[in-house]
Every structure is written in structure tokens, then in C-alpha cells.
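Bear in mind these aren't lab numbers, they're just calculated from the coordinates by the rules spelled out. All of these numbers come straight from a predicted model, not from anything done at the bench. Here Cβ is always computed from backbone atoms with ideal geometry, including for glycine, and neighbour counts include all displayed protein chains.
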Amino acid sequence: MARNQTAQPVPGASDERARSKHIGGLGALWPFMVPYRGLIVASGMALVLTACVSLTLPLAVRRVVDNFRVQDGAILDQYFIAALAIAALLAVGTGLRYALVTRLGERVVADIRMAVFDRVIGMSPEFFEKIMTGEVLSRITTDTTLIQSVLGSSISIALRNFLIFFGGLVLMLLTSGKLTGMVLLIVPAVIVPILVLGRRLRVISRENQDWIAASSGNASEALGAVQTVQSFTHEAASRVQFAEMTETAFEVSLRRIRTRALMTVIVIFLVFTGVVGVLWMGALDVRMGVMTEGALVQFVIYSVMVAGSVAALSEIWGELQRAAGATERLVELLHSVDTVQDPAQPRLLPDPVRGQITFCDVSFRYPARPETAALQDVSLDIAPGETVAFVGPSGAGKTTIIQLIQRFYVPDRGRILLDGVDLGELTREVYRKHIALVPQDPVIFAASARENIRFGRPDASDSEVEAAARAAAAHEFIAALPQGYDSFVGERGVMLSGGQKQRIAIARAILRDAPVLLLDEATSALDAQSERAVQHAVDELSAGRTTLIVAHRLATVKKADRIVVLDQGRIVAMGPHDQLVAEDGLYARLARLQFTDGLAAE
Ligand SMILES: Nc1ncnc2c1ncn2[C@@H]1O[C@H](COP(=O)(O)OP(=O)(O)OP(=O)(O)O)[C@@H](O)[C@H]1O
């Protein structure tokens, strides 16, 4: 499979992505958080409360230890009760913080998901030429999940650990300046190997993930096309490819395991040596009466808390960076500018819309192919109710005409008018209500037959849906499905034949009941019976509407009021079938070659 090459991880590519992630990128989340100020303040308060409470716990422990040998047991009881009260406060505060912060994370991420989808669903096709739908989906799901975990926990954990780190350090100093000094001397000895090995570990982990992603990409491609793989007996090769990538991922993870193990040995050894050293010094101080046992215990607890907060912060830092990158990517989507814009002050269409379509000197190049003109100086006036068939060799610009009429792109020069109003002066939503499209490859959604037809007009009643299906010659086969109109037709309509899908698409367009009909005929030949059924449905649909057909069938072309012959983006001939055949130009040649039922049979 040729895609294999692209599936290979590019060394350093993800590093590059990671490095560009400045944690400041998270600032872009702020506008999404502002509406929930109350929640933020409440979470902040719960957070500060729990941090302060946990810092007081060692103080209570110290009192308990120092009063072990006091005769009056009531004092000891008091300190234990105080410790219990602190623990209860800590428990409630932590639960509250969790509930508030998680809710904030979920809410903000739901808002971001909706904002991104709202933006993307309205973008014109040029946007999707530059970005793959898979990428948009991964941004909406994976990137927002990262943000969710950051907002819903990491940020609050980071803040709490900041508080505990500084608070704990100050309290350590107050407990024993000498021992704190010792700890501060030991810290660099532990931190340096963690930093060095940690960096190596990150690089290896990323490489490992790249390989896993590549191997699953490879597997999903092979499984997605499993029938093709089996038809070409490519299973063995696919197995080898997948095994190689998986083994490589395993070898990389072995390197990760070795580095991690080494790091664990070094860190545990250094940390415990340090702890033993400090305790030793502390014990000497206690023996000499410079320090009480309780103070030593208090000091040890603070050191553990401070060390724990440093470890937590170092872990969370990477997550914050990843989330910052994710935020940047989402914000990029949110701020992407659409090449097609609606006017600030749109005009209205005359009521009722008659369906006159006019092309005035239209020239157009696709933004992705600026060197070739897809349409050049096209002028054409289509009367209300007229049926016009567009024919021409492949790449002549037929589909481009249909795209421009839907205003998926804006012409470089010239104007396109509906009932005398320039499309640029209308909002796309208003204007497209007057258009019904039957695409070449009918899109069927993973829903019931009824819902698929109702897509044409969501407020249509069941009887209107059925009437449309009858007119499209689709009623009979739908009624024969196991659950009739409620039958699920499978993802992309896999449970339907080509002709059935087309008739559903036609029923959808009939239901839409728009004055302008755009029909991109399917190129693939249907059997004679389906062909007749589809043809009948098309006749029913186009009656009384302005109809533009990209035609591939002789029957369609012959029925059209007018045939427009396109070649290399220009109109080269125009007229009814007989006249064009008599002229013996491109049309006559095309007709002989292209139309499946051929002129020879005439
Ligand atoms: N999205 C696009 N980006 C860049 N170029 C495009 C795009 N879509 C079409 N083209 C180019 O524009 C020209 C006209 O294409 P168009 O799809 O209108 O042809 P067509 O007459 O419908 O052909 P066919 O009968 O094969 O469908 C072709 O040269 C094509 O390669």
C-alpha cells in the first residue's frame, strides 16, 4: 500500500509540535471560561481552603507527638479531635473542589466543541480542501479531551501544588532552618538526573506513540479496505507490515522501560539517602534537645508534602503544554476565515421565486488550481421551468457550474443571478432554500428510510414523505423493507442498491419542493429496470422546475429543452438535441462516444 510511506512516523516532527506549545496558549480558553466566573471563584475558594487545611495537618500531628508523655490525657484527646476536624474539613473541601472544577471543565469543553462544530459545518468546500475531515474530527474529540482533563483537574492540581510547595517550604523553614538548608542542598542532586533522564524518556515515549499511531493507521487502512485486501490476496503482506510496525513500537518501548528503570534506581537511591541523612541530623538535634520529636515529625511531613508537590507539578507541566497546543489548534479552527461570505445587508428574493438563473460573463479558477480556468466567460440565461442539460468531456466544467450555483465558490469575474438578484447579495441560507440537489453519488445517512427522505424538508409530515417516495418510484421497495419506512438503511446506505439510493435522493429533492433543481446524473449505468424507475422519478421531479442537469444519459439529454455543450470551461454550442446533432460538432462526437445507449441505436 502506497500510503505506508506516509504512515511512518517522521522523526522529530512531534517534538517540533511539542516545542512550539507555549503554555500561554491556554489563555485562549479564557473567553470560554468567563461566562462561568461564579464557578471559577467557588472552585478557587475550595482550592485555597483545602491547600491551607492540608498545611495545618502536620501542626496538629506535632502537638500530638509532643504530648504523648504528658500526664493529662485530655490534652492529647483535644489534639486528636482537632486533627479529626481538620481531616473532615479537608475531605469536604476536596470533594467540593473536585465537583466544581470538573463541572467547569466539562461545561467549557462542551461549549468549545459546539463552537468549533458550528464554525466548521458552515465552511465552504475550499476549507475542506486544505484540512482533512479526520483532522477536524480529531481536533473536536482528542484536542478537546486534553483540554477537558486540564481544565477539569490539572490546572487545579497545579495550583494546589503551587500553594503547598511555597506554603510547605515556608513552614519547613520555620520548623528548622538548618534541616531546610540541608534539604535544599540535596534537591539539585536529585533533580539533575530526573531532568536529564526525564527528557530522554519524553523523546522515547513520543517516538513510541508515533509508532503505535502509525501501526494503527496502517491497520485501519487495511481493515477499512478488507475486501480489496483479500481480493488481491494481500493479507500476508498486510500482516508483515503490521507486525513490523508493532515490533518496532515494542522495541522503542523497551528502550523506554530501560531508561525508566534506571531513573527509578537513581532517584529512589538518592531520595532515600537524602531522607536518611536529614533524619539522622534531625535525630541528633532531638537527642541534644535542640528540637522536639514532634517538630522533627512535622518537618518530615512538610518535606514529603513539598517533594510530592514538585513531583506533581513536573508531571502536570507536560500535560499543560499539550493542552496549550490543543487549544491553539482549536482556536485556529474557530478563527478560520471562510472564503465565501454572506453580505452584511442581504437583499430578499421576490416572492414567489420563479427560478430564473442567469450567468453573466462568469470566469472561475479553483483556489487550489489557480493556473487553469475551470470556467471562462460563461454567459447563459435559463428561463423559469426550463430544463437545461450540460454535456462535455470529462473536466469540461459541468460540475463546477453546479458548485457555483450553490455558491460553494465565488466566481473570479462575472455574476450569477437568481430571479435577477446577484447571489452575492443574498445570504446562503436563504438562497439555498430554493435549491434542491440530487448529487451524482447520493448521500444516504445512517438512519431510517423515512429520515433520509425527510432530510429534504425536516418539517414534512409522514404522508408528505410517502407521497414524495411514491413520486420518486421509491415507495414500493421501501414498503417491502422489513420495517418499511422505519427500516435502517445502514451507514452510507450500504443496505441499498445504487438505483434505490438514487431514488431516495430524488424523493428527498421532491420533498424539498424548490423552484430550482440541480441534478448531477450518476455515471454508473443502472440495469434497464432501475434506469426506467430513476428516469420516471427524475421526470416527476423536474416537472415545473428550473432544472440543470449534468447529463450522462441520452434519454435525459434528448428530453432537455436545451443542451449546453462545454469544453475546457467554455460554452462551445447550445441548442436542442436534433439541432446539435445536425451541426455535427463536439456534441455529435460526444453523443456517439459517451452516451451509454449510443446514437447508433437511434
Ligand atoms: N476542488 C477543486 N480544486 C481544484 N480543481 C478542481 C476542483 N474541482 C474540479 N477541479 C478542476 O476543474 C476542472 C473542471 O472540473 P469539473 O468537475 O467541473 O468537470 P466535469 O465537467 O464535471 O467533469 P466530469 O464529467 O469528469 O465530472 C477540471 O480540470 C478539474 O480538474
Using a Förster distance of 35 angstrom, determine the FRET efficiency expected from the C-beta separation of Phe250 and Ser336, and round it to 0.05. 0.35
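What are the DSSP H helices in the chain that stretch 24 Å or more along their long axis, judged by alpha-carbon atoms, and whose average Kyte-Doolittle hydropathy comes to at least 1.6? Spell out each step's value before the answer.
Values: long enough: 37-66 (45 Å, 1.39); 73-121 (72 Å, 1.11); 155-175 (29 Å, 2.01); 177-224 (66 Å, 0.67); 235-287 (75 Å, 0.81); 293-334 (60 Å, 0.81).
Going by DSSP H runs, the hits are 155-175.
If you take the beta carbon distance between Leu284 and Thr56 as r and set R0 to 25 Å, what does 1/(1 + (r/R0)^6) give as a FRET efficiency, to the nearest 0.05?
So the FRET efficiency works out to roughly 0.35.
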Roughly how many whole Å is it from the C-alpha centroid of the range 32-64 to that of the range 161-199? 22
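Roughly how big is the range 18-334's charge dipole about its Cα centre, with Cβ charges of +1 (Lys, Arg) and -1 (Asp, Glu), in debye to the nearest 20? Please report the intermediate quantities before stating the final value.
On the way: 27 positive and 23 negative charges, 143 e Å.
Its charge dipole is roughly 680 debye.
Shape call for the range 385-457 from the C-alpha gyration tensor, a ≥ b ≥ c root eigenvalues: rounded (a/c under 1.5), prolate (a/b greater than b/c) or oblate?
Numbers: a/c = 2.14, a/b = 1.36, b/c = 1.57.
Because a/c hits 1.5 or more and a/b fails to exceed b/c, the range 385-457 counts as oblate.
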Work out Dmax and Rg for the range 18-334 from the C-alpha atoms and quote the Rg first, both in angstrom. 26.0, 89
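Scanning the chain for trypsin sites (Lys or Arg not before Pro) in DSSP loops with at most 11 other Cβ atoms within 10 Å, what's the longest stretch left with none? Walk me through the intermediate numbers first.
Values: sites that count: Arg3, Arg69.
Of all site-free stretches, the longest is 70-602.
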Taking the Cα centre of the chain as the origin and placing charges on Cβ (Lys, Arg +1; Asp, Glu -1), which of Gly122, Leu380, Cys52 is farthest toward the positive end of the dipole? Cys52
If you take the beta carbon distance between Ile121 and Thr264 as r and set R0 to 51 Å, what does 1/(1 + (r/R0)^6) give as a FRET efficiency, to the nearest 0.05? 0.55
The chain, relative contact order in percent, only Cα pairs under 8 angstrom and at least six apart counted: 15
Filtered hits (aspartates and glutamates, Cα-Cα < 17 Å from Lys433, offset >= 8 within chain) -> Asp342, Asp351, Asp419, Asp422, Glu425, Asp459, Asp513
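Calculated from DSSP H runs of 4 or more alone, at -39500 (n - 2.57) each and per residue, what is the 222 nm mean residue ellipticity of the chain, nearest 500?
Numbers: 23 runs with 368 residues, N = 602.
That comes out to -20500 deg cm²/dmol.
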